[in-house]
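K.L.:
The structure's right below; bear with me while I get my questions together.
The values are calculated or read from the model by the stated rules, or taken from the named source; none is laboratory data. Note that the coordinates shown come from a computational prediction; the quantities given were computed from them, not determined experimentally. In this analysis, Cβ positions are derived from the backbone assuming ideal geometry, glycine residues included, and neighbour counts consider all displayed protein chains.
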Amino acid sequence: MTVAGLSAFYHDSAACVAGNGGLLVAAQEERLDRVKGSAAFPGRALDACLQAAGITIMDVDEIAFYEKPFLKFERMLADHLRAFPFSYASFRRTMPAWLGERLVLPLVLRRNLGWERPVRFVTHHLAHAASAFLVSPFEEAAVLTVDGVGEWTTTAWGIGRGTSIEIREEIRYPDSLGLLYTAVTTWLGFEANRGEGKVMALGGFGRPVLLDRLRQVAGLRPDGSFRLDQSFFRFERGGVMWSPRFEREFGPPRVPGSDLGERYLDMAASLQALLEEAMLALARHVHERTGLRRLCMAGGVALNCAANGRILEETPFQEVFVQPAAGDAGAALGAAAVIRHCVHGLPREVVMRDAFLGPEYPVSRMRRALAARGLPTTEVPPEEMQRRVADRIASGAVVGWFQGRMEFGPRALGHRSILADPRNPAMKDILNARVKHREPFRPYGASVLAEETGAWFERDTESPFMLFAVRVRPEQRSRVPSALHVDGTCRHQTVTPESDPLYHGLIRQFHGLTGVPMVINTSFNDNNEPIVCTPEDAVACFLKNDLDVLALGPFLVEKGPPETASP
Amino acid sequence: MDLGPERPICKRCVLPHSPPDIVLDAEGVCSICRQEEARQSRSDDPPLLETDFVRLLQKHRGKGTHDCLVMCSGGKDSTAALYYMKRRYRMNPLAFMFDHGFEQQDAIDNVRRAADALGVDLLFYRTDAVRGLFRKMVVSGSRAVLCHPCSIWYMSLTFEMAARFDIPLIIAGWTKGQSARPGVMTRCACNVDAPEYRSMGEATKAFLKTLRDDPQYRDFPSSMEEAVARARKRHHATVLSPHWFLDQAAEDYVEVIRREVGWRPVAESYPAGSTNCSLNFLSVWNSLRHFGYTHYHVEMAKMVRQGLMTREEALRALEVNFGDETLARVLERLEPPAK
């Protein structure tokens, strides 16, 4: 049985195709329509998934959607009524989308796909829970999902066993850690649903002096539950998310792009500390209630790698699995998994040991993409590729690395990555100035040989998805200054020869040359652009930005002087 | 073989300097590439997705004895189209091939083999009905492209067959290099209003006008639009090509059809790797002589711009691979006075 899972119309639209024999393909719409965080119907992503799976939509038995739109609409209506007349503008703005798309998904599917077969709707947090547990290596585990809001639920925990998931407790809107984090993110002058990671990074630069006051705002209780003091927020009006009282308490919001003064840095630090405290309390509560040793996490908040790192280190859970596409994109996968396993009782066949679920492109297309821009198309054997790229990284080059199937989720994990030398203290600034054009306070992650993790990090745990910030051993910190965050942690990805032999071999070569078993790994894109998807995207990004080397499948292109590098 | 003067070729695509339709600028880039560049910078056309194609197929699936008529030339693209319709989309196609007296036996064999391997019905139509038209065209010394009236004729014929068998869908093997936009589909793939076709199109129109005085061909449609409009008065059929919707290059499906239906390239055809009829040599020679390029140059230039071929691949394929002997052989088949 083949099920297509979809998430759409809010942010991070995605499609997934899951079928018998371990078939699992997934992609985010943004990679294909090139709109960051695209909320469009994921027609291109679905098409790419089907073609990658070698099937057509005719071979799909059911479509699963990542939420129940009528429940969500009910919440939206209740919100607007409560806030009327202040909510009128938002009501007028959002209503066409509800009536034209969200509430009539079967019609949208018929119109876009000619779809006449069953459409199943899966509650949002169940989809998140399934996206983690049903592809985890665990037969039994506690499951914790935390995000902005699904239909009504904002936080849920339960137990996954075999092919079933039972949600035991939930916290409902408007009490939401995700919304609280997003509200403060926007108060700090960053974009909702895109700036949360920046705030997490910014947290390292401030002092959590506002934590006590934020605790009161959040109504945080020892068991991790919370009841937000709604007088500080305006979630229901659909515009600015904080209230005048929030401004009276914490001051005016930061103007986007303006200086990040101490007050804002402290707020970021306090918010991050609050989130970590809440997540730790929630995880401890879940452990207490389930007695299980393993935890699966999903939902947008589970992308907070600093909180994840602390859960791993400070709670009794011995193993923690966080889905690489923990946000709404991953819920497409979760919805499909719920239908296949929980509804139809099909056995679980896939353990997500890597995030390489997207489409891949033939060598012939890569060759054409290069030739079309006047770049050389000389193939290089894998060993030589590893050796030469490692050598260039060690000499200070910035490398675009494009290999195999695209990653699913927000992280580039060695298939659509930009690689650089973590030993160079200036590398962060070089990357920011030449390629990534992003805020200087944001740290870069690193890919590390799995077998060397213990020697370099305080916790020797597998972390294939770069979703845990772990402290680098103090004695090693000076050797990898550009991979370090201000607090001495590093968002690292462990790479094994089994999961990615080519990438592992490259880092091993770099290790041999430098004695450092890791390279900086950041996503292959410019700031505010989606990660590259096709060879053409990669070539365009390589030429547009100041990358020195492009490893595109078996092709190695080194940029010469500007006049020969231009198309 | 006289192919006219040497012309500089665009640095980006494969079109030559051929004023007034195609003009190379100081940087050696042709006006068509420049236009495309400006168009792309405004906004890309929405892509045609395979799910769109399947949705269109679903409308017609299972209707009638055959739910689609596949135009087969024996070439890789149309053979792959037939393969896809039967195997990938599980339709019930009727394969249709014509021979106007100039088709190559290898191509005909390809179609027969594919139909046998796929278990689809095959309609083979052999006629000399248009031989006189081709002859007239050659004798007149027209600059018109032989393939244009031929396309008009075979599309009329295809619609007629679709009407006769009450088939709602016509499937062609046109590539992305041939026009692939919904508005252009109705004109059956060749956008004669495109600037690079302007002079060729005018020459064809002028030739077709002369047919009005010819008792044998006076009812011949004056354009593809007219042919389609006439056909649609009798029978409405949608024309589509699966290649417009699939993210695959030719080499991806050539391997499949070689393996699955025993497809073979023909010994001699222009461009290299194609399976075109022998009359095509004459058409190509005439176009090169008068314009310095052919409709294959236009198609491949578009594929180069879309990244579906490299410029080098296209230039290699477009090298003239035939000579006077081949032309003489084709002229012979048009009957002696044509010489």
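K.L.:
Would you confirm, using the coordinates I've provided, whether A:Thr315 is within 14 Å of chain B (Cβ to nearest Cβ) and surrounded by fewer than 22 Cβ atoms within 10 Å (Cβ to Cβ)?
P.N.:
On the way: within 14 Å of chain B (Cβ to nearest Cβ): no; surrounded by fewer than 22 Cβ atoms within 10 Å (Cβ to Cβ): yes.
Taking the combined requirement at face value, the residue does not satisfy it.
K.L.:
Does any residue in region A:101-125 that is away from chain B (no Cβ under 14 Å) and within 29 Å of A:Met297 (Cα to Cα) come within less than 7 Å, Cβ to Cβ, of a residue that is small (Gly, Ala, Ser) and buried (at least 17 other Cβ atoms within 10 Å of the Cβ) six or more places away or on a different chain, and which pairs are these?
P.N.:
Once the first residue is away from chain B (no Cβ under 14 Å) and within 29 Å of A:Met297 (Cα to Cα) and sits in region A:101-125, its partners that are small (Gly, Ala, Ser) and buried (at least 17 other Cβ atoms within 10 Å of the Cβ) give A:Arg120/A:Ala64; A:Val122/A:Ala64; A:Val122/A:Ala335; A:Thr123/A:Gly150; A:His124/A:Gly150; A:His124/A:Ala331; A:His125/A:Gly150; A:His125/A:Ala156.
K.L.:
Looking at the structure I just gave you, is A:Ser482 surrounded by 16 or more Cβ atoms within 10 Å (Cβ to Cβ) and either among the polar types (S, T, N, Q) or assigned by TED's automatic domain parsing to the domain that holds A:Gly309 (or both)?
P.N.:
Numbers: surrounded by 16 or more Cβ atoms within 10 Å (Cβ to Cβ): yes; either among the polar types (S, T, N, Q) or assigned by TED's automatic domain parsing to the domain that holds A:Gly309 (or both): yes.
Criteria met by A:Ser482.
K.L.:
State all residues of region B:284-339 that are of a type in the set (Lys, Arg) and either within 21 Å of the chain's Cα centre (by Cα) or within 23 Å of B:Gln248 (Cβ to Cβ) (or both); if no residue qualifies, say none.
P.N.:
Applying the first criterion (of a type in the set (Lys, Arg)) to region B:284-339 yields B:289, B:302, B:305, B:311, B:316, B:329, B:333, B:339.
Answer for region B:284-339, where residues must be of a type in the set (Lys, Arg) and either within 21 Å of the chain's Cα centre (by Cα) or within 23 Å of B:Gln248 (Cβ to Cβ) (or both): B:Arg289, B:Lys302, B:Arg305, B:Arg311, B:Arg316.
K.L.:
Take the conditions within 13 Å of chain B (Cβ to nearest Cβ), in contact with a Cys (Cβ under 8 Å, 6 or more places away or on another chain) and among the hydrophobic types (A, V, I, L, M, F, W, C) and apply them to A:Ala26. Does it pass?
P.N.:
No, not satisfied.
K.L.:
If I go through region B:288-339 residue by residue, how many of them are away from chain A (no Cβ under 14 Å), modelled with pLDDT of 85 or more and part of a helix (DSSP H, G or I)?
P.N.:
Residues that pass the stated criteria total 20.
K.L.:
Among the listed residues A:Leu312, A:Leu333, identify the single one that is touching a residue at least 40 places away in the same chain (Cβ under 8 Å) and assigned by TED's automatic domain parsing to the domain that holds A:Leu23.
P.N.:
On the way: A:Leu312 fails: assigned by TED's automatic domain parsing to the domain that holds A:Leu23.
Being touching a residue at least 40 places away in the same chain (Cβ under 8 Å) and assigned by TED's automatic domain parsing to the domain that holds A:Leu23 holds for just one of A:Leu312, A:Leu333, which is A:Leu333.
K.L.:
Here is a check on your reading of the model: is A:Phe133 under 21 Å from the mean Cα position of the chain (by Cα) and surrounded by 14 or more Cβ atoms within 10 Å (Cβ to Cβ)? Write out each step before concluding.
P.N.:
Working: under 21 Å from the mean Cα position of the chain (by Cα): yes; surrounded by 14 or more Cβ atoms within 10 Å (Cβ to Cβ): yes.
Here the answer is yes, as A:Phe133 does meet what is asked.
K.L.:
A follow-up question, please. Please state which of the following conditions B:Gln58 fails to meet, knowing it meets all the rest: (1) within 14 Å of chain A (Cβ to nearest Cβ); (2) assigned to a helix (DSSP H, G or I); (3) touching a residue at least 40 places away in the same chain (Cβ under 8 Å).
P.N.:
Of (1) within 14 Å of chain A (Cβ to nearest Cβ); (2) assigned to a helix (DSSP H, G or I); (3) touching a residue at least 40 places away in the same chain (Cβ under 8 Å), only one is false for B:Gln58: (3).
K.L.:
Only one of A:Thr154, A:Thr186 is hydroxyl-bearing (Ser, Thr, Tyr) and surrounded by fewer than 24 Cβ atoms within 10 Å (Cβ to Cβ). Can you tell me which? Give the derivation first.
P.N.:
Details: A:Thr154 fails: surrounded by fewer than 24 Cβ atoms within 10 Å (Cβ to Cβ).
Within the list A:Thr154, A:Thr186, the selection yields A:Thr186.
K.L.:
Being assigned to a helix (DSSP H, G or I) and charged (D, E, K, R) narrows it down to one residue among A:Asp266, A:Asp223; which is it? First the steps, then the outcome.
P.N.:
Details: A:Asp223 fails: assigned to a helix (DSSP H, G or I).
Matching residue, one of A:Asp266, A:Asp223: A:Asp266.
K.L.:
Okay, next question. From (1) free of Cβ contacts under 8 Å to residues at least 60 places away in the same chain; (2) assigned to a loop (DSSP other than H, G, I, E, B); (3) within 13 Å of chain A (Cβ to nearest Cβ), pick out the condition that doesn't hold for B:Val14.
P.N.:
Only one criterion in (1) free of Cβ contacts under 8 Å to residues at least 60 places away in the same chain; (2) assigned to a loop (DSSP other than H, G, I, E, B); (3) within 13 Å of chain A (Cβ to nearest Cβ) is unmet by B:Val14, namely (1).
K.L.:
Look through region B:258-306, keep the residues that are surrounded by fewer than 24 Cβ atoms within 10 Å (Cβ to Cβ) and free of Cβ contacts under 8 Å to residues at least 60 places away in the same chain, and return whichever of them is nearest to B:Leu15 (Cα to Cα).
P.N.:
B:Tyr296
K.L.:
Hey, among A:Ala355, A:Ala331, which residue is part of a loop (DSSP other than H, G, I, E, B), closer than 24 Å to A:Glu139 by Cβ and at pLDDT 95 or above? Write out each step before concluding.
P.N.:
Numbers: A:Ala331 fails: part of a loop (DSSP other than H, G, I, E, B).
The unique qualifying residue is A:Ala355.
K.L.:
Another one. For the subset of region A:351-368 comprising residues that are of a type in the set (D, E, K, R) and away from chain B (no Cβ under 12 Å), which member is surrounded by the most Cβ atoms within 10 Å (Cβ to Cβ)? Steps first, answer last, please.
P.N.:
Kept after step one, since they are of a type in the set (D, E, K, R), are these residues of region A:351-368: A:353-354, A:360, A:365, A:367-368.
Narrowing the set further to residues that are away from chain B (no Cβ under 12 Å) leaves A:353-354.
Numbers: A:Arg353: 14, A:Asp354: 21.
Per the criteria, the residue is A:Asp354.
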